[in-house]
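A short worksheet on the structure shown next.
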Amino acid sequence: MDEQKQREIASKGGKAAHLKGTAHQFTSEEARRAGSKGGRAARQKRTAAQQEISSLPQQTNLSIPRQEQKDRREPSVIGNQSKDHFDEEPLHRAS
């Protein structure tokens with residue numbers, strides 16, 4: 001059964017239980033404990049993720065090597081034409 005169909009069925013059951021008066025009603029104490037439990041779980045999950053990240057090896061030099069920087073530059077120009085566009089007309093002609 002797909003998730004959407006399951007949600008529809010559960011929703012109908014919950015609405016019916018409330019109409020019948022048999023649905024669970026949280027007291028303020030139950031709600032407080034449930035919220036506290038959820039908060040603790042979220043904090044533990046966040047702390048575990050932070051510990052996992054901090055245990056990864058640290059990279060000390062994040063710069064791009066010089067050759068890669070050179071390769072990323074725009075095509076070099078030869079005379080009036082780019083190396084990549086030999087078939088095009090020059091941008092200007094010498095008189």
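Read-outs: derived from the displayed coordinates by stated rules, not from any lab. Every value quoted in this text rests on a predicted model; they were computed, and no experiment measured them. In this analysis, Cβ positions are derived from the backbone assuming ideal geometry, glycine residues included, and neighbour counts consider all displayed protein chains.
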Two pseudo-spin positions, 7 Å from Cα along C-beta at Phe26 and at Gln6, lie apart in nanometres by 2.2 nm
Counting other Cβ atoms within 10 Å, which GluC sites (Glu not before Pro) in region 1-41 have at most 14 and lie in a DSSP loop? none
